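The values are calculated or read from the model by the stated rules, or taken from the named source; none is laboratory data. Predicted model, so just to flag it, every value in this text is computed and none were measured. Methodologically, a virtual Cβ is constructed for each residue, glycine included, from the backbone with ideal geometry; neighbour enumeration extends over all protein chains shown. All accessible areas refer to the heavy atoms of the entire protein, side chains included, with ligands and DNA or RNA removed. Shrake-Rupley method; radii C 1.70, N 1.55, O 1.52, S 1.80 Å.
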Amino acid sequence: MSEQEIKVPDLGGADEVEVIEIIVSAGDSVEEEDPILTVESDKASVELPSPGAGKITKITVKVGDKVKEGDVVGMMEASAGGSDDAGSDEPEEKAEEKEEAKQEEKSEESKPAPKKASGGSRKETVKVPALDGFDNVPVIEINVAEGDTIEADDPLVTVESDKATMEIPSPYAGKVGKILVSEGDKLSEGDELLEMTVQEGGGEEEEASAPASEEPAKEEKPEPRSEEKPKQEAESAPEPQGATYEPPTPGAKVHAGPAVRKLARELGADLARIKGSGPKSRIIKDDVHAYVKSQLKQAQQGTGVATGSGIPGVKLPDFSQFGEVKREAMSRMMFATANNMQRSWLNVPHVTQFEDADITDMEDFRKAQKAAGEKKGVKMTPLPFLLKACATALAELPQFNVSLDMERKEVVRKSYIHIGIAVDTPHGLMVPVIRDVDKKGLWELAAESAELAQKARDKQLKPAEMQGACFTITSLGGIGGTAFTPIVNTPEVAILGVSKAAMKPVWDGKEFQPRLMLPLSLSYDHRAVNGADAARFTTVLSQLLGDIRTLLL
Ligand code: CAO
């Protein structure tokens, strides 16, 4: 192995350029043409490629240094055999690139002649190439301005289909003339993009000036470079909120070199969401890695929701500017509840159906049980009646006793009826579960719900006592309120909110009667349950609670 210098190649006319990113470190193995570092002139940024395959031994420049053609930027040990053996151990992608370059060389003769060759330059109108089967795709970014000097393959515009963003690269090196499209325009193959003055080097009419990145000049209809959106984004699923999430600023340009763009494409990372830590907020490879790592961490911790909707995180102001504040850590329970609520709220299309149940007779009956309850040591509240009524409604309308498995496209139907009860405790909301509610009597349900509520308040619930519910009741009736919209406790598909009963005038066909009316709020997952069934469910509840004899049937 022999050590060789890595020198700055021809910079396509630029004199002195600034090193803005060092892509490799000593010890890294590289292939010929792999990017070593990125430099930036006032016109464009370019990656300096490795002169051969081998191992980097030293990088002698740092970010911010100015370099020019011929400067040594590092040293490398060339690997035995070099890299000119195109058929050897080259990575598949490299071999493909070389093959493509060869094909392009071969097809040079069949290329259409340039429109005009006068005084070393010619005018070209750049057209939209084939767009991976898409047409009418909107322009989301124009990457160049009139008068810019660009290299072949520099991105001209970025378009976005519902599946991917694609950069349309320049087929030529040269100077940008009139831009013929605007942001928002819809483009299809063959549409005119912009005019260019193309430099012709060394008297060879056909050849555009060599791109500084020393890539072979591309044919006149270059492939658009697509940047696939993460799958879920295309499906409009919600976005995780986390420390490194940076909401895209509408219209903001992404500053990143081709190697960084390639890395982001490979990892499925959307550059528009990544904050650049390089000079001039340029995104460097470390930023992409850090972003992907943080997204994975969130997914593994379950702290995120499904990715991709672009829902921005809530930015907090500095509250101390408004007055004194104190920060304290969230309890694990509060954090878990917050995440569960958010996950359900963002994943489940919620609808709430309201109904009033006439519980005048039920309350008379319940109050009449006071003495019996004292003997038994059990307090009969409205909750056991609600449990029993919900169990009957779940049996009558089994479409409420399901969970959706969207991944497997299956509905999970349950043959048991376990109901959760939301309990307000000093340390947060807990939901113990009463099993086989349909098989239990009112006293049993009263005793069990009181016991579980007490255990919840005493932090004595076992995990198994909080699992397996088909449906949840959340009763705020003992506290107050006329109605509310509870959040479905996923993967259940419905939840009954109960507010405070109140005397109301009810028309009996002849006159108004004072009746004790119980407000019911049934929130449901509209993917699993339709509105008519929800109205049926609350009607069944209202009938059962209105005439509790029917609970026995
Ligand atoms: N309307 C009017 N009064 C009601 C009522 C209603 N809908 N529901 C209960 N009451 C009465 C009870 O009869 C009782 O009155 P008496 O003492 O005069 O008999 C009083 O309110 C207190 O009842 P309770 O709340 O102790 O008992 P419960 O069985 O009705 O409820 C439980 C038990 C665990 C559901 C309740 O204590 C609780 O924690 N509720 C809060 C649930 C919650 O926080 N939900 C929100 C979740 S989403 O943020």
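Counting other Cβ atoms within 10 Å of each Cβ, which GluC sites (Glu not before Pro) in the range 382-461 have at most 12 and sit in a DSSP loop? Sparse-neighbourhood loop GluC sites (Glu not before Pro): Glu407. Take each peptide in 27-36, 288-297, count the other Cβ atoms within 10 Å of every residue, and average; sorted highest first, the result is 27-36, 288-297. Charges were assigned to the Cβ only: +1 to each Lys and Arg, -1 to each Asp and Glu. The resulting dipole of the range 1-74 about its Cα centre is roughly 240 debye. Under the shape rule built on the C-alpha gyration tensor, where the axes satisfy a ≥ b ≥ c, the range 351-552 is oblate, since a/c reaches at least 1.5 while a/b does not exceed b/c.
Residues whose amide H lies under 5 Å from that of Leu496, counting only those 5 or more places away or on a different chain, are Thr472, Ile473, Thr474; hydrogens are built 1.01 Å from N in the peptide plane.
Pull out a ≥ b ≥ c, the square roots of the eigenvalues of the alpha-carbon gyration tensor of the range 326-434, then state rounded if a/c is under 1.5, prolate if not and a/b is larger than b/c, and oblate in the remaining case. Oblate shape, in that a/c is at least 1.5 and b/c is the bigger or equal ratio. For the range 351-552, the solvent-accessible area of protein heavy atoms averages 51 Å² per residue (probe radius 1.4 Å; ligands and nucleic acids excluded).
For the cross-link pairs Lys376/Lys500; Lys127/Lys262; Lys297/Lys326; Lys376/Lys510; Lys55/Lys175, which exceed 31 Å when the distance is taken from alpha carbon to alpha carbon? Don't jump to the answer; show the numbers that get you there.
Details: Lys376/Lys500 26 Å; Lys127/Lys262 24 Å; Lys297/Lys326 28 Å; Lys376/Lys510 42 Å; Lys55/Lys175 37 Å.
Beyond 31 Å between Cα atoms: Lys376/Lys510; Lys55/Lys175.
For the range 511-524, 3J(HN,Hα) computed residue by residue from phi via the Karplus equation (6.51, -1.76, 1.60; θ = phi - 60°) reads 8, 7, 10, x, 10, 8, 10, 9, x, 10, 10, 9, 8, 9 Hz, glycine and proline entered as x. Taking the average, over residues, of other Cβ atoms within 10 Å as the packing measure, peptides 375-387, 483-495 rank 483-495, 375-387 from highest down.
Computed from backbone phi with θ = phi - 60° and the Karplus coefficients 6.51, -1.76 and 1.60, the 3J(HN,Hα) list for the range 444-457 is 4, 5, 5, 5, 5, 5, 5, 5, 5, 5, 5, 4, 5, 5 Hz; x is used for glycine and proline. Scalar couplings 3J(HN,Hα) for the range 376-384, obtained by applying the Karplus form with A = 6.51, B = -1.76, C = 1.60 to θ = phi - 60°, are 7, x, 10, 9, 8, 9, x, 4, x Hz; x denotes Gly and Pro. The alpha carbon gyration tensor of the range 405-466 gives principal lengths a ≥ b ≥ c with a/c of 1.5 or higher and a/b no greater than b/c, which makes the shape oblate. When peptides 414-424, 168-178 are sorted by average Cβ neighbour count within 10 Å, with the highest value leading, the order is 168-178, 414-424. The candidates Arg515, Arg261, Arg435, arranged from most to least accessible area with a 1.4 Å probe in the full protein assembly, appear as Arg435, Arg515, Arg261. Under a 5 Å amide H cut-off, with hydrogens placed 1.01 Å from N, Val506 pairs with Gln513, Arg515 among residues at least 5 apart or on other chains. Label zone of Phe512 (point 7 Å out along Cα→Cβ, amide N under 17 Å): in the range 341-365 this covers no residue at all. Taken along the Cα-to-beta-carbon direction at a fixed 7 Å, the label points for Met466 and Met341 span 1.5 nm.
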